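Chemist: Before anything else, here's the structure in question.
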Amino acid sequence: MTQQPQLPEPEKVKQTVTQMREVCRQFDSLNFALDELIAQIEADIRKSPLTAYRLGKIQPVSQATESER
């Protein structure tokens, strides 16, 4: 006959659950920090003159000097 697996002690289960909840909380905190960092980087990219140039929002320097003549 096969042996039935033994259930862990309730105190051990409680400790494991507490540890896993703490790990989940830490991951949530890290995810929030990463989301903020990504938002900051995206804002910096949107403010970049190179991005504005690539999107055609500003005139290239050569065209600006020719139109001023």
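The values are calculated or read from the model by the stated rules, or taken from the named source; none is laboratory data. Everything numeric in this text was worked out from a predicted model, so none of it was measured. All Cβ positions, glycine included, derive from the backbone under ideal geometry; neighbour counts span all protein chains shown. The protein model used for the area step is the full one, side chains on, heavy atoms only, and it has no ligands, DNA or RNA in it. Shrake-Rupley method; radii C 1.70, N 1.55, O 1.52, S 1.80 Å.
Chemist: Hand me the GluC sites (Glu not before Pro) from region 16-47 located in a DSSP loop with no more than 12 other Cβ atoms within 10 Å, in residue order please. Before the final figure, lay out each step's value.
Modeler: Values: sites: E22, E36, E42; in loops: none.
Answer by residue number: there is no such site.
Chemist: So, with a 1.4 angstrom probe, what is the percent of accessible area on region 1-45 that is carbon and sulfur?
Modeler: Heavy-atom surface of region 1-45 belonging to carbon and sulfur, 1.4 Å probe: 60 percent.
Chemist: With a probe of 1.4 Å, find how much accessible area region 1-56 has per residue, and write the answer as a whole number in Å².
Modeler: Numbers: 5710 Å² over 56 residues.
Normalised by residue count, the accessible surface of region 1-56 is 102 Å².
Chemist: Which number comes out as Rg/Rh for region 1-57 once both Rg and the Kirkwood Rh are worked out on C-alpha atoms? Please list the in-between numbers first.
Modeler: Numbers: Rg = 24.1 Å, Rh = 15.8 Å.
Radius of gyration over Kirkwood radius for region 1-57 works out to 1.53.
Chemist: Also, quick follow-up: What distance in nm separates the two pseudo spin-label positions at L7 and L50, each 7 Å out from Cα along the beta-carbon direction?
Modeler: Output for this residue pair reads 6.1 nm.
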